[in-house]
Amino acid sequence: MVTRANYKTGYDNYSKEAEKEAASLERKASIQQAGMMSRRKLVETTASLDPGEGLDPAPELANRFKKYREYTNNYSSARESMISKINAEKGLLSKSPTESLMAKQASGENVGQRLVGDISDALGLTDVQAAGIAGNFDHETGGFKFMQELKPVVPGSKGGLGFAQWTGPRRKAFESWAKENNLDTNTYEANFGFFIHEVQNTNEGRFLEDLQEAETVEDSTRIFSEQYLRPGKPMMKSRLTRANTYLPGGQ
């Protein structure tokens, strides 16, 4: 027998799903709008160039337009691909003991290189831009060996956790997201999945517009550190050194 309480529960669940879908669509629109704003900015800047000074803006304009079109077109398909990949790996994890990132490192898997490919696919970034992110995560975790901050800056606190050493409310959000998705916070799937979730569904993704403009690993590394991680002690030399190892042919 269906009771009034059953109807209410069903309605509440439907409302929650609708809100999640609305938030996802809003974030997608925000990213696309950011790309449009950047393109308009590029048009205005290029139009101001003086051909008499020997500058021909047409080739650069065409190349930049092509790149931004790829960002926009890649977003929907890349997001669906990322979700499918995480769901598939979740199924594998549920059938066997959770494998930690340290164990994967011991078996020879290069977590940073995997990140570069997955981030490029999910966010429509170039390898140079994705390498800046991977280099920062490498620095934060000591080569993807320490998911838990060893010496918390705030005495008595839990400290940072995961790829980004998320702290405070962001750590709690990471732990909740991982629990909701039946993932261990030490796994690649949980860390990568939450990172993409935070970028696409919260204002922590605001760095993306500037990162898409970056053409060097130096700029990519700095932008991600300053705008997404915001560390007290940047130690940019270490971040950049690690990021360079994830470039094609990097060492």
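FYI, it's all coordinate maths here, none of it is from the lab. Keep in mind it's a predicted model, so treat the numbers as computed, not measured.
In plain terms, the chain from GLN227 to LYS179 could stretch by 14.6 nm, reckoned as 0.36 nm per residue minus the Cα-Cα distance. Give me P(r) over the range 154-212, computed from all C-alpha to C-alpha distances, binned every 10 Å, as integer percentages. Reading the bins upward from 0: 23, 51, 23, 3. Roughly what % of Cα-Cα distances in the range 148-251 sit above 18 Å, to the whole percent? Result for the distance tail: 55 percent. For TRP166, the residues whose modelled amide H falls within less than 5 Å of its own, excluding neighbours fewer than 5 places apart on the same chain, are LEU161. Close amide H partners of GLN148, meaning residues 5 or more places away or on another chain with modelled amide H under 5 Å apart, are GLY162.
Determine the alpha carbon to alpha carbon distance for each of LYS172/LYS233; LYS151/LYS179; LYS16/LYS233; LYS179/LYS233; LYS179/LYS237 and list only those over 29 Å. LYS16/LYS233; LYS179/LYS233; LYS179/LYS237, as the Cα separations exceed 29 Å there.
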